[in-house]
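All of the numbers you see were taken from the coordinates with simple rules; none came from a lab. All values reported here derive from a predicted model rather than from experimental measurement. Cβ placement follows ideal geometry from the backbone for every residue including glycine, while neighbour counts extend to all protein chains displayed.
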Amino acid sequence: MGREPLAFAPGEVLGRLAALGRRAVVCVHQAELGAPGALPAGVLLVLGAIGVVEPLRQRIPACEEHGCELLPRCPFAADFAHGDRSGSRRPKGGRKFRVPDATLAYAESPGRLREMLPAHPVARWLAERFAARSEWTRFELAEAWLAAALEATGLRRSKDSATEAPDFEGSRRELAACLALLVGCGYLVWTREDLALRLVEPWW
């Protein structure tokens, strides 16, 4: 399921973002490179999808422009350099996020994240699993995710579809992050020495 923490409480997540200050920029690589207090990539991707942080897809600032302390040792800095200094063809979009003013207000009302999280496609996918059965091991969830990914391979969301499917083609970072957030919100609880998850309260 990934190496992200087993639980992330709303107050902790929003507090970390608020501590960065107004209009701060965060990056999916900061946690993996050991930046103190950085949120894992999967958590940022989930928060970006539900509007807690703003995914940057245009006019993405270079690392020195937002004062990233990891710049001297970051192997990804060239990806975001401008002009002739850019040393990578990897896509820049969706890897950096801006902390909007609204998130600073959410930090004073952590329950807002608890209300927003169920709208995420992965949270909806998990709701279907836990509505059918109240307890799943992490291995069963991983197998179910893989089976759904294989089923979705080559399929595109229809233009008239009313719901959004999870991005099965990506990594499982969002799955692990969504589980950690659902636990932190009190919807799920780890059991069997953190090998299984049990439903505490429906979020659907």
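Mind listing P(r) for the chain? All alpha-carbon pairs, 5 Å bins, whole percents.
Each 5 Å bin holds this share of Cα pairs: 1, 7, 14, 18, 18, 16, 12, 8, 3, 1, 0.
What list of whole percents do you get for P(r) of the range 10-110, with Cα-Cα distances grouped in 5 Å bins up to the one holding the largest distance?
Values per bin, smallest distances first: 2, 13, 24, 27, 18, 10, 4, 1, 0.
Which one of Gly51, Leu126, Ser109 has its Cα pushed farthest toward the positive end of the charge dipole of the chain, where Lys and Arg give +1 and Asp and Glu give -1 at the Cβ?
Gly51
Within 10 Å of each candidate Cβ there may be at most 15 other Cβ atoms; applying that plus a DSSP loop requirement, which trypsin sites (Lys or Arg not before Pro) in the range 2-46 survive?
Arg3, Arg22, Arg23
Hey, can you rank 187-197, 46-56 by average C-beta count inside 10 Å, highest first?
46-56, 187-197
With +1 on each Lys and Arg Cβ and -1 on each Asp and Glu Cβ, how big is the dipole of the range 10-110 about its Cα centre, in debye rounded to the nearest 20?
Working: 13 positive and 10 negative charges, 74 e Å.
Using Cβ point charges on Lys, Arg, Asp and Glu, the range 10-110 gives about 360 debye.
Please arrange His66, His82 by how many other C-beta atoms lie within 10 Å of their C-beta, fewest to most.
If I rank by nearby Cβ atoms, fewest first, I get His82, His66.
Suppose R0 equals 25 Å. What FRET efficiency, 1/(1 + (r/R0)^6) with r the Cβ-Cβ distance, do Trp204 and Arg57 give to the nearest 0.05?
With a Förster radius of 25 Å, E is 0.25.
Starting from the 7 Å offset along Cα-to-Cβ, what nm value, one decimal, do you get for the label separation of Ala81 and Leu195?
Between Ala81 and Leu195, the simple spin-label model gives 4.9 nm.
Give the calculated FRET efficiency between Arg90 and Glu65 to the nearest 0.05, with a Förster radius of 25 Å applied to their Cβ-Cβ distance.
FRET efficiency, Arg90 to Glu65: 0.85.
Any idea what the dipole of the chain comes to, in debye rounded to 20, about its Cα centre with Lys/Arg Cβ at +1 and Asp/Glu Cβ at -1?
Dipole of the chain, to the nearest 20 debye: 480 debye.
How much length would be gained if the chain were fully extended between Glu143 and Ala35, taking 0.36 nm per residue of separation minus their Cα-Cα distance, in nm to one decimal?
Gain on stretching Glu143 to Ala35: 35.7 nm.
Just Leu141, Leu179, Leu126 to compare: in a GNM of the chain, with alpha carbon springs under 10 Å, which one fluctuates most?
Leu141
Based on other C-beta atoms within 10 Å, arrange Val200, Val26 from fewest to most. Kindly include the intermediate steps, with their values, before the conclusion.
Working: Val200 15, Val26 24.
Fewest-to-most ranking of Val200, Val26: Val200, Val26.
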